[in-house]
1. Obtain the nm distance between the two label points defined at Q210 and N230 by a simple spin-label model: each point lies 7 Å from its Cα along the Cα-to-C-beta direction.
2. Work out how much length K453 to D412 would gain on full extension: take 0.36 nm times their residue separation and subtract the Cα-Cα distance, in nm to one decimal.
3. Packing-wise, with mean Cβ within 10 Å as the measure, how do 518-530, 136-148 rank, highest first?
4. Quick query: amide H of G377 versus all other amide H atoms, modeled in the peptide plane; which residues come in under 5 Å with a sequence gap of 5 or more or a different chain?
5. Long-range amide H contacts for L215: which residues qualify at under 5 Å (H placed 1.01 Å from N, peptide plane, sequence gap of 5 or more or a different chain)?
6. Suppose we look only past 18 Å in the calculated P(r) of region 109-176. What percent of the Cα-Cα pairs does that tail hold?
7. Please give the net charge around L447, taking every other residue with its beta carbon less than 14 angstrom from that of L447, where Lys and Arg add +1 and Asp and Glu add -1.
8. Residue by residue through region 152-169, what is 3J(HN,Hα) from phi via Karplus (6.51 cos²θ - 1.76 cosθ + 1.60, θ = phi - 60°)? Round to whole Hz and write x for glycine and proline.
Amino acid sequence: MAEQESNASSGFNQLNLQQKMGVAVGIAALFALIAGLWMWGQTPDYRVLYSNLSDRDGGSIIESLQQMNIPYKFAEGGGALMVPSNLVHEARLKLASQGLPKGGNVGFELMENQRFGITQFAEQVNYQRALEGELARSVQTIGAVAAARVHLAIPKPSVFVKEQQKPSASVVLSLQGGRLLDSAQVSAIVHLISSSVPELSAKSVTVVDQNGTLLSASHDGGSNEGLDANQLKYVQQIERGYIERINTLLIPMLGANNVRAEVSADIDFSRTEQTSEVFKPNQSPTAQVIRSQQSSAVTSSAGQSGGIPGALTNQPPVPATAPIVAGKGASTSTNNAGPTSQQKESTVNYEVDRTISHTVLPVGSVKRLSVAVVVNGNRKVTDAKGKSSIKPLSDAEKEQINNLVKDAIGFDQKRGDSLNVQVAAFTETKEVVEEIPFWKQPYVIELAKDIIKYALIAAAMWFVVFRVIKPTFRTLLTALSSMGSVKAVPDERANTGAQFSAGATAPYEQNLQVARQIAQQEPKIVASVIKEWVKE
């Protein structure tokens, strides 16, 4: 064993510089390849733990991961923090128990560590900061919102009514890439903020996105023409409801692929209030109710008055005396009596029927419906024997379908509803589903990636072993065998003085051929042999 090691050492020393470097590089490459394969096999699969973290949250999370001895790395230009896939859920739960990530906004936890002796102003400022942070966190829970900041302007309360001011708020949103907020979502954010601050009205809340676009324009008293998102959704819901009614009735009769229905609904969203006052006469005399009654009577006499004109007429009358009766034909009075008139007036006021009505018309009532129904006129009917045939619709069936649709939608001709039921032959169209080629399947792509990776590793190993290490060791073994032959040749030359090789019976031509080959492949070894001969 020692002799082999000595021969190997002496043989390696006999190699030139290029051969020595080749052997060293081959051995280093072999060890590097083995180490790389082992490390590659030990490398875990990393998954995203959190993305779009603020600097404060990122530093706190990294510190916690280091304390828990969980490896991590960054991806996507530092925008995502990744940990081994088998530790993702465990790390999230442990970080959540520590209140991480905080989202970059300070909430009511700011009030937990109040210093002793803090002023009322500082306490009010901390409360406002905490409220702003909590509102920002609530807004960030919306899927399209990546980040949010809330600014509250809360005036100082005053005991004077004229000096009291209402609070206001401003919200700055950073939306996700390619995402937008509709008017209903903006309205929800506005009402969320206004409902969280006392005496804050929705008109005092301003919402702006990261591009500086005012999103709450419809809440600042501007024009709000057209339908909003809720009204459009309501119209679509009404139309879908009528379509479902029609399909529910006709599909069992005609089949799922033989009916197509569309409904257009005209909805009245105007708010209307009516107040009316109606006076009606009493229909029955017995039902009359006297409200007030007034009567008066005047009696007057139109006879002549006798007397002496002048001052005596104004004297009070003298006592009456009995008249002197002269005879039957004599007059019983000195004055002639004139005609007498009487006047009576009566006024009766009765109660009059009066009706006052205040009507508020509902919002969202249906003004008009336009319904179009198309029925397949060539239906395929399968008989008891399993044979299919085309059966057209009869007139009775068409009339029945028309009546069913009218009853389903509550057809009202006075309202202006229109119904159009048409019978047409449907064209059979087969839905062509584009099949994904086999080589585009996700699992095939992943398998191909693994195969290519392992093939590259195998090619690298083959190149290092068969192109670097094996030629180098072959050269080393050849040199070692040549050294043994050369050493045997001088010993035998010294003993016999007639042959070159170690074998005594070897022919001269064979030894000469070996010597020439050695001289061509290893000139240094030949030179060392000649030096030994010269020394001897």
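1. 3.0
2. Working: separation 41, 0.36 × 41 = 14.76 nm, distance 7.22 nm.
Contour length minus the Cα-Cα distance gives 7.5 nm.
3. Values: 518-530: 14.5, 136-148: 17.0.
Averaged packing, sorted descending, gives the order 136-148, 518-530.
4. The list, which skips near neighbours in sequence, is A424, A425, F426.
5. Amide H to amide H, under 5 Å and 5 or more residues apart or across chains, L215 pairs with V207, V208, D209.
6. On the way: 1206 of 2278 pairs.
Taking all Cα-Cα pairs of region 109-176, the fraction more than 18 Å apart is 53 percent.
7. Numbers: positive: K440, K449, K453; negative: E446, D450.
Every neighbour counted, the sum reads +1.
8. With the stated coefficients, region 152-169 comes to 10, 10, 9, x, 6, x, 10, 7, 8, 5, 5, 8, 6, 10, 8, x, 9, 8 Hz.
The values are calculated or read from the model by the stated rules, or taken from the named source; none is laboratory data. As the structure is a computational prediction, the values presented were derived from the model and not from experiment. All Cβ positions, even for glycine, are placed from backbone atoms using ideal geometry, and neighbour counts span all protein chains on display. With ligands, DNA and RNA removed, areas are computed over all heavy atoms of the protein, side chains included. Shrake-Rupley method; radii C 1.70, N 1.55, O 1.52, S 1.80 Å.
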